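Here's the structure, in structure tokens; my notes come after.
The values are calculated or read from the model by the stated rules, or taken from the named source; none is laboratory data. These numbers come from a predicted model, not from an experiment. Backbone-built Cβ (ideal geometry, glycine too); neighbour counts: all protein chains shown. These area figures cover heavy atoms from the full protein model, side chains too; ligands, DNA and RNA do not enter into them. Shrake-Rupley method; radii C 1.70, N 1.55, O 1.52, S 1.80 Å.
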Amino acid sequence: MGSGPYRKKKRTHLPEDPNAKKADVRSFVFWRGKFGVVLKALEADLRKLLAPNTAKNLKESRRNQLKDFVHIAGPLGITQFVILTATEHSSYLRLAKTPRGPTCTLRIHGYALMRDVAAALTRPSQLEGVYGAPPLVVLNNFGAGGEALTLAGTLFQGLFPSINVQSTQLRSCKRVVLLSYNAETRRISFRHYSISTAPSGITKGAKALVAGRALPNLANMQDVSELLTKSGYGSESEGEEAAESRVTLNQNLGRGNIAERQSRVKLQEIGPRLELEVVKAEEGLCSGRVLFHAHVQKDAEAAEQQQAAVEETEATQEERERMRAARRRQQEENVRKKTALKRKVSEAPPTGKGSTKAKEQAAKKRQKQWWESNDVNLAQEPDDDTAYYREAVGAEPDDDFIASRGAIGRDLDMQPD
């Protein structure tokens with residue numbers, strides 16, 4: 001028999017481990033602007049790419065402003081924004097560091113969704129469980145494009161958590177993001193691949209056995225040993241890039257991939273695919289001093305004017321913050337005083353028997369005095385109106401005006417019960 005009618009939950013009420021390391025990188029992916037909704041499909045693919053360190057089910061609308069996302073970013077530990085915007089002529093992707101910037105704006109020259117990439121493949125891979133861990137990120141040729149490109153590379157790296165090569169488990173490395181910069185076209189190629197491994201140097205039959213697939217057909221074989229000794233090693237692509245694709249593992253990965261033995265690493269593109277160009281870099285969060293602009297060049301005087309305007313805006317914001325803090329302190333002081341007064345009244349000793357009756361009599365007395373004071377004011381109202389008429393018009397009021405004001409005075413001449 002059980003110990004009681006209630007069952008103790010052991011899975012949903014586990015105590016939190018204080019030593020457990022939380023994700024230090026979290027992001028929001030959302031669209032903004034009048035035409036940003038056309039990038040809704042790309043937004044969903046980018047959220048899937050950045051999983052699991054992004055808000056997958058974030059809901060946004062046209063009424064939301066940027067400050068709404070900033071206000072909730074702090075409590076949720078959001079470190080970066082990926083903002084998709086569009087105009088009538090082009091689409092843009094913004095990478096912003098919260099809460100104070102910087103921001104890098106990249107123009108999207110072209111993109112392909114995950115479904116488009118999968119449709120172009122002859123045999124797309126089965127992506128089961130690959131989105132449970134964040135992808136690796138690889139930057140190529142980002143040191144030859146200036147400070148703006150360096151900033152873009154830093155912001156892209158900030159979207160993914162850093163890894164420790166010595167302690168990272170190879171089982172968690174299932175995806176990789178490659179960003180390659182072309183100095184001639186000044187564009188960044190954004191690619192997303194899945195990583196798969198297969199044991200190298202064994203026959204297809206043995207590989208099928210260790211991979212846990214269905215048993216092969218042995219009808220045309222004289223002995224079961226033919227399954228392992230029959231010629232036919234790997235696939236056609238294994239022999240083409242043997243030196244580049246074969247690596248020696250230092251950890252067991254399962255399915256025939258054993259440590260200290262060679263395995264073949266295969267990459268298959270899963271999308272999305274983007275062609276980007278850095279067009280603007282700002283010091284703040286989608287605002288502030290412009291650090292770089294691909295199409296606008298300012299002279300020293302214009303740069304000084306812009307810096308002065310930015311400093312003036314920052315000074316105004318600081319003054320507002322000081323005033324807001326002063327008002328907050330004053331409100332807290334008032335609340336403290338009211339709380340102390342309320343506590344003092346509640347802790348006062350009772351006045352003895354009949355105190356409730358005395359309070360009721362005092363309340364009735366105050367009510368009666370209020371009625372009497374209002375009766376006096378209402379009785380004097382017609383005279384006040386007549387004097388006001390003389391002062392405003394400069395003549396004596398006619399009989400109709402006096403009669404109407406007298407009727408009002410009679411209607412208001414009431415006494416309390």
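Things worth noting here:
- Placing CYS173, CYS104 in order of accessible area, with the largest value first and a 1.4 Å probe, yields CYS173, CYS104.
- A cut-off of 5 Å between modelled amide H atoms, ignoring neighbours fewer than 5 places along the same chain, links PHE35 with ALA86.
- The slack between GLU277 and ALA294, meaning 0.36 nm per residue of separation minus the straight C-alpha distance, is 5.2 nm.
- Measuring against 19 Å, Cα to Cα, the residue pairs LYS40/LYS67; LYS48/LYS174; LYS67/LYS97; LYS174/LYS266; LYS40/LYS174 contain LYS40/LYS67; LYS40/LYS174 as the ones spanning a longer distance.
- Gyration tensor verdict on the range 9-165 (Cα atoms; rounded if a/c is under 1.5, prolate if a/b is larger than b/c, oblate otherwise): rounded
- For LYS59, the shell of other residues with beta-carbons less than 15 Å away shows a net charge of +3, using +1 for Lys and Arg and -1 for Asp and Glu.
- For the listed peptides 328-338, 278-288, a ranking on the average number of other beta carbons within 10 Å per residue, highest first, reads 278-288, 328-338.
- Rounded to 0.05, the FRET efficiency of the ASN141 and GLU260 pair, given R0 = 35 Å and the Cβ-Cβ distance, is 0.55.
- Overall dimensions of the range 119-206 as given by Cα atoms, namely Rg and Dmax in Å: 16.5, 53
- Projecting the Cα atoms of ALA118, LEU84, THR98 onto the charge dipole of the range 75-135, computed from C-beta unit charges around the Cα centre, puts THR98 farthest toward the positive end.
- Of the peptides 163-170, 257-264, the ranking by mean beta-carbon count within 10 Å, highest at the top, reads 257-264, 163-170.
- Listed residues TYR92, TYR111 arranged by accessible area, highest first, probe 1.4 Å: TYR111, TYR92
- Inter-label distance for ALA309 and THR122, nm, one decimal - labels placed 7 Å from Cα along Cα-to-Cβ: 5.8
- Point-to-point label distance, THR339-SER196, nm (Cα→Cβ direction, 7 Å offset): 6.3
- Rounded to the nearest 0.05, the FRET efficiency derived from the C-beta distance between GLU184 and GLN222 at R0 = 60 Å is 0.50.
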